[in-house]
Amino acid sequence: MHARLNKQERAEYKRLEVIASDATLSEAERELSRERIQRLRDAAVARAKLREIQGRDVTQSAAGKSSEEFEALNPAPLRSQFSSDEEYQEEHKWHQLLLDEIAAEGVLADPNASFSKRETAKRLLRKTYKAQHEMCPSISALDGSFLRDAGEDVLATPAPAPEAPAPVSAEDEFRYERYHPFSPKHKPGTTQYDDERKQWEATRDTLERWAYLGKLEKTDPEALAKEIARYQPPKDDDCDSGVQEPPEFIASPLQKQVWGEQSAKFAERRGETLATSSEPAVPSAPPPRRDIAYQLSLDGFTFFEDGEPCPIPLPSGIRTTGASVPPGYRSGFCQIPSDLRWDAIQFMWVQK
């Protein structure tokens, strides 16, 4: 039986030999290199033994042999050679994986192979290694190397059972980061990163608190009531916000005097008269106009809008316009009732 190293193992073997023979390095580093060299040798011997058990010729490399040659030396399994369909299907699948591995290694070893063919061969090789690892856990799913010791029988020794996961404590059961770890989308140190971190922490604190309260509801209702009361906001009477309202402003007598003078001055400019008492001022009616005289159509009697008779003859500058007859007025009476006045805008008589 002759074991060979692949291309990556040969490069690693040469690098480790240089380290092991370097006298300037410490003894611990050189000893570690010797151990790694021995592991490479053991892996190559174990891989050769595995291929020998599977009926593969180890005197030639897989890249130097075609699928047709391998098929001629190792024909496909027949159903009559196995006692059950499960064994036959498993052996047939393993045989097909070996053919795929030889074909992919042959393409990768061909210097004239195109880039697309080499990439397809790499994908097929990774898929083959993964399938071989699922059928035989002692084979690496990365490079197809033999992971067990060379002196052990691969087919006779079962793979170790995976370790059971560690039990989750009651405290870790409600940890938000256990199920949703912080995975930022921005670089640390940026504003976006800080915002993401704060939002994640706020969500974590809220959900962990609700989970804790839900646990207390089932196990200890009294503790739940105390926990809720501890976070209950205070009433408005007991709440001290720390902000004091400003006291009510009280003006001095001098300020009131100055403000009164200013108000009277502005009212004089507007043509208004301010009330002297503390009661609100009642707006007074504007004085009656004496530039317009109204004449009744019944007898020609002229008067002002407040009902006062116009002097005769009329002074110059007074315009005359018509007006309707007031209620109860008789021709030649020449006097408007004292409770009526003429509204020139509505063109009607109204009560004073």
Margin query: Given (1) touching a Pro at 6+ places or on another chain (Cβ under 7 Å); (2) in a loop (DSSP other than H, G, I, E, B); (3) not small (Gly, Ala, Ser), identify the lone condition not met by TRP349.
Written below: (2)
Note to self: Which of the numbered conditions does ARG56 fail, given that it passes all the others? Conditions: (1) surrounded by 15 or more Cβ atoms within 10 Å (Cβ to Cβ); (2) part of a helix (DSSP H, G or I); (3) modelled with pLDDT under 75.
What the structure shows: (2)
Check: Checking SER145 against (1) under 35 Å from the mean Cα position of the chain (by Cα); (2) at pLDDT below 80, which single condition isn't satisfied?
Finding: (1)
Checklist line | Pair list, Cβ under 8 Å, 6 or more apart: the range 178-191 residue more than 24 Å from GLU208 (Cβ to Cβ), other residue at pLDDT 85 or above and of a type in the set (D, E, K, R) | finding: HIS186/GLU196
Check: Exactly one of (1) more than 30 Å from ARG270 (Cα to Cα); (2) modelled with pLDDT under 85 is unmet by ARG290. Its number?
Finding: (1)
Next item on the list: Kindly indicate whether SER116 is among the hydroxyl-bearing types (Ser, Thr, Tyr), farther than 21 Å from ASN6 by Cβ and at pLDDT below 85.
Entry: no
Margin query: The conditions are (1) modelled with pLDDT of 80 or more; (2) surrounded by 10 or more Cβ atoms within 10 Å (Cβ to Cβ), and LEU224 fails exactly one of them. Which is it?
Written below: (1)
Next item on the list: Spot the failing condition for LYS187; the list is (1) in a loop (DSSP other than H, G, I, E, B); (2) at pLDDT 55 or above; (3) closer than 30 Å to ASN6 by Cβ, and only one is missed.
Entry: (3)
Note to self: Could you tell me how many of the residues in the range 198-221 are among the small types (Gly, Ala, Ser), under 21 Å from PHE182 (Cα atoms) and surrounded by 11 or more Cβ atoms within 10 Å (Cβ to Cβ)?
What the structure shows: 1
Check: Which residues, taken from the range 322-347, are surrounded by 10 or more Cβ atoms within 10 Å (Cβ to Cβ) and of a type in the set (S, T, N, Q)?
Finding: SER324, SER331, GLN335
Notebook entry, point to check: What about ALA11, is it closer than 26 Å to ALA121 by Cβ, at pLDDT 75 or above and exposed (fewer than 15 other Cβ atoms within 10 Å of the Cβ)?
Noted result: yes
Next item on the list: Show the residue pairs that are 6+ apart or on different chains and have beta-carbon atoms under 9 Å apart, the first residue being within the range 295-321 and more than 20 Å from GLN351 (Cβ to Cβ), the second being among the charged types (D, E, K, R) and at pLDDT 85 or above.
Entry: GLY317/ASP291; ILE318/ASP291; ARG319/ASP291
Notebook entry, point to check: Can LEU274 be described as over 30 Å from PRO309 (Cα atoms), at pLDDT below 80 and of a type outside the set (Phe, Trp, Tyr)?
Noted result: yes
Checklist line | Residue pairs meeting the criteria (Cβ under 8 Å; at least 6 apart or on separate chains; first part of a helix (DSSP H, G or I), in the range 201-225; second hydroxyl-bearing (Ser, Thr, Tyr)) | finding: THR203/TYR176; ARG204/TYR176; LEU207/TYR176; GLU208/TYR176
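The values are calculated or read from the model by the stated rules, or taken from the named source; none is laboratory data. Since the model is a prediction, treat every value here as computed from it, not as a measurement. Neighbour counts run over all protein chains shown; Cβ positions are idealised from the backbone, glycine included.
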